[in-house]
Amino acid sequence: MIRFESVTKRFANGTTAVDDLSVEFLEGGITVLVGSSGCGKTTTLRMINRLVDPTSGTVSLGGRDVRELPAAQLRRGIGYVIQQAGLFPHRTVLDNIATVPTLLGWGRRKARARAAELLEVVGLAAESGKRYPHQLSGGQQQRVGVARALAADPPVLLMDEPFGAVDPVVRTLLQDELIRLQAELRKTIVFVTHDIDEAVRLGDRIAIFRTGGHMVQIAPPAELLARPADDFVAGFLGAERGLKLLSLISLQDVPYEPIAAVRTTDTAAQARAEATGRWLLAVSPDGKPAGWLDVHALDGSDSIGQAALTPVRGLTDADSLLSALNETVSSPTGMAVRVDAAGVLVGASRDDVVHAHQRSLA
Amino acid sequence: MDLLSKLVAWLTSAGQWAGSEGIAQRLFEHVEYSLLSTLVAALIALPIGLFIGHTGRGAFLAINLSGFGRALPTVGIVTLVFLVSGLSMTPVYISLVALAIPSIVTNTYAGMAAVEADTKDAARGMGMTGLQSLWRVEVPLAAPLIMTGLRLATVQVIATATIAAYVSFGGLGRYIFDGLAQRDLTQVMGGAVLVAALAVAVDLILAGIHRVLFRHRLT
């Protein structure tokens, strides 16, 4: 889909931003370009929509050299999202989203109708369309940035550190949204970040760049983590490379067994009768795990609702082996509590079972 | 009678306002000179400010020339052009236009330069041509500062347009120069008060327009 052939970019000041790059990015997948600053990842991205022209070599999109079309026309067919969203401060959110359709001559009414539709797609309230960018939070602005890039339904989306300026909680939320959107839309996405965790979460393939504009390795996240090409890649993936690998493996194949539990509405006597040791799992009346109950702390109280519960996080099959491992470490019983998609308790996996599964993969 | 009550009497006498030499006529002339000068200055200065703001080229030269222009004494220009071209309104217009250009150029440039690089990058990345980015993004964003430059220039020109009278033409300066020649302090004060009032009134009107136009802006 997107193809670089012996592409080199040297800037006027003599620095080589990209050095003899030949690579093809997957159609309908997310390719993440990572590397420290000045490694040429952003320049590579910007050569796709010709915000930067290569010194030598060719970049082609869908089999056609990107230089065949006038730059402005080419760009209208490619979605572009940047850090801080780069929204137009003097235009309403709706008009911001309608930018490319307007440039394509759709007409005001149609462009606005499409913009309103996209507000919903990216999870923003319809009323926010009438507001101005500075009236939105950073996360909301970034959603508008994504909506604006999607407005003319381009097959390709270029994202340059789009979530770099928002706090970690919002960033995770936006990443989840992107994963959800991509499952529906199947765009060819090129995503630049310096955050390796973000790359592992989002990428179908990850390309690692080293200072001087060399692409060192391109591979699916699991392969990259399991077999880094050299010390540079291993170093970039960090000391917790093994744990990151576990974050890619789901709990689907990890067995669990039934576990005894009391309801938070039950009496202390019932809890004592049920308990086989010091700790007992408590669930809320709708069956969702509420916390670990310390039976020894029940002395003197009638119901267990008042007793302090140690927090528990129920894991679904979609959660990762890493989070299960984390639960076995942080729960007082060494058990990872399992729930169904609705969050209702189904059982628990013992730490030795989790460890055994992890070893079976190695 | 003390000066103040003489001044009030001068300003409020009906005879003073009417006729071909009355205040109404002088006010009209003053506004005419100022408006025409500012308009011509804007026609020259806006394209220059927009060009250097959009391309980033020639900024150093333009800003320094503007500084130089501001330092020029207006009466000096009037006298100089008068000596070269003879008696006409030309020297007055030239000096007033020269006075107005620097404020408009520097403010327009400053407004354009203040548009964030990310915003311009987004405009290009969305597929706007250079001109589309200029008219749809950069100029609207620079508009508040451009407007401030125009407002500043207008007020400066109104305050300075009294020099038309220096070379025997009309406007509110008439009262100041005639009053000085006749040692009629009341008339001098009356003229000064009228010029100041006109400048303040126009500034307030332009500020009001500014607030209405840019009510959605942060700054």
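A short reminder: the numbers here are calculations on the coordinates, not readings from a lab. Not measured: the values here are computed from a predicted model. Using ideal geometry, Cβ is built from the backbone for each residue, glycine included, and neighbour counts are taken over all protein chains shown.
Observations on the model:
- Measuring r between the beta carbons of A:LEU104 and A:GLU5 and using R0 = 30 Å, the FRET efficiency lands at 0.55.
- Over all other residues within a Cβ to Cβ distance under 11 Å of A:ALA271, the charged ones net out to -2, with Lys and Arg as +1 and Asp and Glu as -1.
- Descending semi-axes in Å of the stretch A:2-246, equivalent ellipsoid built from Cα gyration tensor: 30, 22, 15
- Label-point separation, A:ASP352 to A:THR267 (7 Å along Cα→Cβ), nm: 3.7 nm
- A crude spin-label estimate for the pair A:GLN135 and A:ASP20, with each label 7 Å from Cα along the Cβ direction, gives 5.6 nm.
- Rg/Rg_globular for the stretch A:234-278, with Rg_globular taken as 2.2 N^0.38 Å and Rg from C-alpha atoms: 2.10
- Relative contact order computed over the stretch A:2-246 (Cα-Cα under 8 Å; 6+ residues apart), in percent: 27 percent
- Over the stretch A:212-257: Kirkwood hydrodynamic radius from C-alpha pairwise inverse distances, Å: 12.1 Å
- Degrees separating the helix B:90-113 axis from the principal Cα axis of chain B, which is the longest one: 30 degrees
- The separation of the stretch A:183-205 from the stretch A:26-92, counted between C-alpha centres, amounts to 15 Å.
- For chain B, built as a Gaussian network whose Cα springs stay under 10 Å, the top-fluctuating residue of B:VAL81, B:VAL105, B:VAL92: B:VAL81
- Kirkwood hydrodynamic radius over Cα pairs of chain B, then Stokes diffusion coefficient at 25 °C and 0.890 mPa s, in µm²/s: 128 µm²/s
- Hydrodynamic radius (Kirkwood) for the stretch B:12-81, which is based on Cα pairs only, to one decimal in Å: 15.3 Å
- 27 Å Cα-Cα threshold exceeded, pairs from A:LYS41/A:LYS187; A:LYS41/A:LYS130; A:LYS41/A:LYS110; A:LYS244/B:LYS120: A:LYS41/A:LYS130; A:LYS41/A:LYS110; A:LYS244/B:LYS120
- Among A:SER137, A:SER320, A:SER128: highest mean-square fluctuation, GNM of chain A, C-alpha pairs under 10 Å: A:SER137
- Compared with the rule-of-thumb size 2.2 N^0.38 Å for a compact globular protein, the protein assembly as shown has a Cα radius of gyration ratio of 1.45.
- Take every pair of alpha-carbon atoms less than 8 Å apart whose residues are at least six positions apart; their mean separation over the length of chain B yields a relative contact order of 24 percent.
- Working note: Cα gyration tensor of the stretch A:261-361, eigenvalues times five, square-rooted, sorted largest first, giving semi-axes of 26, 14, 10 Å.
- Taking 0.36 nm per residue of separation and subtracting the current Cα-Cα distance, fully stretching the chain between A:THR55 and A:LYS288 would add 77.9 nm.
- Cα long-axis angle, helix A:321-330 against chain A (0 to 90 degrees, to the nearest 10): 40 degrees
- Relative contact order, whole percent, for the stretch A:261-361 stands at 22, derived from Cα pairs under 8 Å and 6 or more residues apart.
- A full extension of the chain between B:ALA14 and B:ALA59 corresponds to an added length of 11.0 nm, given 0.36 nm per residue minus the alpha carbon distance.
- Applying the criteria of a DSSP loop state and at most 15 other Cβ atoms within 10 Å to the trypsin sites (Lys or Arg not before Pro) of the stretch B:117-211 yields B:ARG183.
- Applying D = kT/(6 pi eta Rh) to the stretch B:63-106, where Rh is the Kirkwood radius over alpha-carbon pairs, T corresponds to 25 °C and eta to 0.890 mPa s, the Stokes-Einstein value obtained is 231 µm²/s.
- In this structure, B:ALA196 and B:SER88 have a Cβ-Cβ separation that, at R0 = 25 Å, corresponds to a calculated FRET efficiency of about 0.35.
- GNM top mover of B:SER103, B:SER95, B:SER20 - chain B, alpha-carbon springs below 10 Å: B:SER20
- Here the simple spin-label model places points 7 Å from the Cα toward Cβ, and for B:ALA117 and B:LEU131 these points are separated by 2.8 nm.
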